[in-house]
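Report on one structure; see the data block that follows.
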Amino acid sequence: MASKPEAGAPAPPATLPAEPLLRLLGGTGSEFGTRTFLVGGPVRDLLLGLSGPDLDIAVESSPDLVGRALAERFGTRFIYHRRFMSGTVQLADGSHIDITRTRTEEYPGPAVLPRVRPAGIEDDLVRRDFTINALALELSPGSFGRLIDPHCGRLDLARRRVRVLHDASFRDDPTRAYRAIRFAVRLGFEIEPGTLALMRAAIREGFPGLLTPERVLYELRLVCAEPLVLPMVEALLREKLLHACFDSVAERGLLRRLQRLAGIDPELLFVFLLSRLSLTDRFPVTTGERDAARAVREFDRLRPRLARARRPSTVHRLLAPIPGEALEVLARTEAAAVRRPIRLYLDRLRHVRTAVDGRFLRSLGIRPGPAFRRIIEKVRAARLDGRVGTREQEIELGRRLARRQGNG
Ligand code: CTP
């Protein structure tokens, strides 16, 4: 049942962006005898005058048939997951349309994924996280553009607040604490006081700690991809949400350093954040991310030596074992005295190749091994520090070291 719009509550614009596409979606649904709805985030954003490229569509039956018919129409692919009653139509421009069967959810316990059963649109909206996301816009011919807002989501959009639908929301799904912070900061909304109290109680009682590491990392990746990542992480720390999900959080200087990374690659932000969290083996990050985060964490030991390093070859020796991603993080988060040598290494030193390489040493009859590597490193150090300047001098030094090697 659509509730009456409150004074000041946003209404859908007279013409919808992508209206022909939305009408096509509704028309296709009705060919298969189902009502079709635009649901959740896209409706919220539409009412706020924001627009995203992706569409979330809900149908009350036959999501597989509707999805396949649409994909045929667009000449693209439809990937359907029967178990989740949900599929995705990929569009040529890289955007996608998610098509999901309307459902009801039942939570068997706190922080456990819900049991899902087919249901109508009203049940589908009541299972959702916040009133501003519990909105549907009907796309079916005859009812096109009808807004369904049983939980006064429009009023909360107008009042600019994030509000849950019921008291057990954060307990059922503690990822909603991350989501509440993400939406509030992104949209410039407040978390409504009652909702904030429920969120804090859920955190105090440790429910976020029951989430699988996978789900926690998923939320952190989403935060890192947001333009307003800094105030979001600030709120995650203030509300002790990270503390509820990790055994320890190294907070000192975290925000100051994070600020220097804001607006950069989300992956670097993610690595930096990981470096501040106690990450057990249970957390499914890639080996590259784990190694980079560890290197950032362990940089404390290297910092004084790097700050003292005078010769480029010393800088090279200290930094060469550190993964590139970690160096990219450190080159931005460290203080200038250390940032400078890291930048020098990334921009120049690491690209230096000398004429004395593996092929050259093999031609002198030296077999690959530790000595082999030592010669290459010594010549490179001489080159980096300006002790040899030309190719001939490099080769001469290489020969001399190789001879000494042969004699030794
Ligand atoms: N949802 C929910 N509880 C969650 C995750 C999602 O109720 N823990 C519902 C919300 O109605 C949400 C919709 O599923 O709007 C789609 O989820 P998602 O794509 O994560 O949210 P969006 O609102 O589309 O967020 P974004 O703007 O970040 O894409």
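Here Ala119 and Glu251 are evaluated by their C-beta separation; at R0 = 51 Å the FRET efficiency comes out at 0.70.
Among the GluC sites (Glu not before Pro) in region 217-293, those located in a DSSP loop and surrounded by at most 16 other Cβ atoms within 10 Å of their own Cβ are Glu251. Taking the charge dipole of the chain about its Cα centre, with +1 at Lys and Arg Cβ atoms and -1 at Asp and Glu Cβ atoms, the residue from Phe246, Leu139, Ile366 reaching farthest to the positive side is Ile366. Per-residue ellipticity at 222 nm computed for the chain from its helices equals -15500 deg cm²/dmol, with DSSP H segments shorter than 4 residues left out and the rest contributing -39,500 (n - 2.57). For region 109-161, a/c is not less than 1.5, where a ≥ b ≥ c are the root eigenvalues of the C-alpha gyration tensor, and a/b does not top b/c. That puts it in the oblate class.
Based on the alpha-carbon gyration tensor of region 160-245 and its eigenvalue square roots a ≥ b ≥ c, which shape applies: rounded if a/c is under 1.5, prolate if not and a/b is larger than b/c, or oblate?
Details: a/c = 1.64, a/b = 1.05, b/c = 1.57.
Oblate.
All C-alpha pair distances within region 19-159, sorted into 10 Å bins from zero, spread as 12, 42, 36, 9, 0 percent across the bins.
Each Lys or Arg adds one and each Asp or Glu takes one away; over the other residues whose Cβ falls under 9 Å from the Cβ of Leu198, this sums to +1.
Neighbour counts of C-beta atoms inside 10 Å place Arg83, Arg297, Arg117, Arg276 in the sequence Arg83, Arg117, Arg297, Arg276, starting with the fewest.
Note on the chain: GNM, Cα springs under 10 Å; of Ser86, Ser61, Ser143, the largest mean-square fluctuation is that of Ser143. Taking 7 Å steps out from each Cα toward its Cβ at Thr286 and Leu237 produces label points 2.7 nm apart.
For the chain, what are the DSSP H helices with axial Cα length of 15 Å or more and mean Kyte-Doolittle hydropathy of at least -1.0? Intermediate values should be presented prior to the final figure.
Numbers: long enough: 19-31 (18 Å, -0.05); 63-74 (16 Å, 0.02); 175-187 (18 Å, 0.05); 193-204 (16 Å, 0.64); 213-224 (16 Å, 0.28); 287-308 (31 Å, -1.20); 336-347 (16 Å, 0.00); 370-384 (21 Å, -0.12); 391-407 (24 Å, -1.79).
Length and hydropathy pass: 19-31, 63-74, 175-187, 193-204, 213-224, 336-347, 370-384.
Restricted to Cα atoms, the chain shows a radius of gyration and a Dmax of 28.4, 93 angstrom. Taking a point 7 angstrom from the Cα of Arg387 along the C-beta vector, which residues in region 288-326 have backbone N less than 13 Å away? Label zone hits: 311-314.
What is the Rg over Rh value, at two decimals, for region 250-351, using alpha-carbon atoms and the Kirkwood definition of Rh? Show your work: numbers first, answer last.
Values: Rg = 13.3 Å, Rh = 13.9 Å.
When Rh is taken as the Kirkwood radius, the ratio is 0.96.
Rule-based calculations on the coordinates, nothing more; no lab input. Here the structure is a predicted model, which means the values were calculated and not measured. Every residue, glycine among them, receives a Cβ derived from its backbone with ideal geometry; neighbour counts consider all protein chains shown.
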